[in-house]
Amino acid sequence: VRWMMYWIVFALFMATETFTDLLISWFPFYYEVKMAFVIWLLSPYTRGASLLYRRFVHPVLARKEKDIDAFLVRARERSCETVLRFGKRGLNLAATAAVQAATKSQGALAGRLRSFSMQDLRSLPEQA
């Protein structure tokens, strides 16, 4: 549970840091403060991630639990539909490519066989 709290808080920190890094990275000792914050989150003595998770993240997740569950159900349904749609489209493209390759190679194979057979006939000695 402790590691789950840490990784959730750390993921939220990294997501917000991606945007705020551009604005505040020029502050003096910014990277040192950021490193100290991550160590504070990670430390088993300070339990910073547990503190932030219990005080801020968990209440928000508890309030939005029904919305999150409904979103996950919709996403699961849409993902099944999307996989089926792209699967059908992929199979159609593969079948079309196979038919086109077969027709092109059949013509090339017939032309090659004709050229081999004409060459074989020319190489035979003429019999009078």
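The values are calculated or read from the model by the stated rules, or taken from the named source; none is laboratory data. Just so you know, these numbers come straight off a predicted model, no measurement behind them. All Cβ positions, even for glycine, are placed from backbone atoms using ideal geometry, and neighbour counts span all protein chains on display. Heavy atoms of the whole protein, side chains included, go into the accessibility calculation; ligands, DNA and RNA do not. Shrake-Rupley method; radii C 1.70, N 1.55, O 1.52, S 1.80 Å.
Leaving ligands, DNA and RNA out of it, work out the accessible area of Thr18 with a 1.4 Å probe and give it in Å² to the nearest 10.
Using a 1.4 Å probe on the heavy atoms, I get roughly 90 Å².
Considering only protein heavy atoms, with the full assembly of protein chains and a 1.4 angstrom probe, order Leu41, Leu12, Leu93 by accessible area, largest first. Could you put the intermediate results ahead of the total?
Working: Leu41 5, Leu12 90, Leu93 120 Å².
Largest accessible area first, the residues go Leu93, Leu12, Leu41.
Ignoring ligands, DNA and RNA, how do Val60, Val83 rank by accessible area with a 1.4 Å probe, largest first?
The residues order as Val83, Val60, largest area first.
How much FRET efficiency would the formula 1/(1 + (r/R0)^6) give for Ser25 and Val57, where r is the Cβ-Cβ distance and R0 is 22 Å, rounded to 0.05?
My answer for the efficiency is 0.35.
Given H placed 1.01 Å from N in the peptide plane, which residues other than close sequence neighbours of Arg47 have an amide H under 5 Å from its amide H?
Amide H neighbours of Arg47, under 5 Å, 5+ apart: none.
According to the Cα gyration tensor, what semi-axes, each the square root of 5 times an eigenvalue, does the equivalent ellipsoid of region 1-46 have, listed from largest to smallest in whole Å?
22, 14, 4
What ranking of Val38, Val99, Val73 comes out by heavy-atom accessible area, probe 1.4 Å, highest first? Kindly include the intermediate steps, with their values, before the conclusion.
Details: Val38 35, Val99 90, Val73 70 Å².
Order by accessible area, largest first: Val99, Val73, Val38.
Over region 48-110, with every protein chain in place, what whole percent of the accessible area is carbon and sulfur at 1.4 Å, could you tell me?
64 percent
Looking at region 1-76, which chymotrypsin sites (Phe, Trp or Tyr not before Pro) are DSSP coil and have at most 13 other C-beta atoms within 10 Å of their C-beta?
Filter output for region 1-76: Trp26, Phe29, Tyr45.
Accessible area per residue, 1.4 Å probe, Å², for region 1-46: what's the number?
Result: 80 Å² per residue.
In whole Hz and in residue order, list the ³J(HN,Hα) couplings for region 72-84 that follow from phi through the Karplus curve 6.51 cos²θ - 1.76 cosθ + 1.60, θ = phi - 60°; x for Gly and Pro.
Going residue by residue, I get 5, 5, 4, 5, 5, 5, 5, 5, 5, 4, 5, 4, 5 Hz, with x marking Gly and Pro.
Considering only protein heavy atoms, what is the solvent-accessible area of Arg89 at a probe of 1.4 Å, reported in Å² to the nearest 10?
130 Å²
Give me a comma-separated list of calculated 3J(HN,Hα) values for region 45-59, in order, Karplus coefficients 6.51, -1.76, 1.60 applied at θ = phi - 60°, integers in Hz, x for any Gly or Pro.
7, 8, 6, x, 5, 5, 4, 5, 5, 5, 7, 10, 6, 4, x
Glu17 label point, 7 Å along Cα→Cβ, cut-off 13 Å on backbone N: hits in region 27-51?
Zone members listed by number: 30-42.
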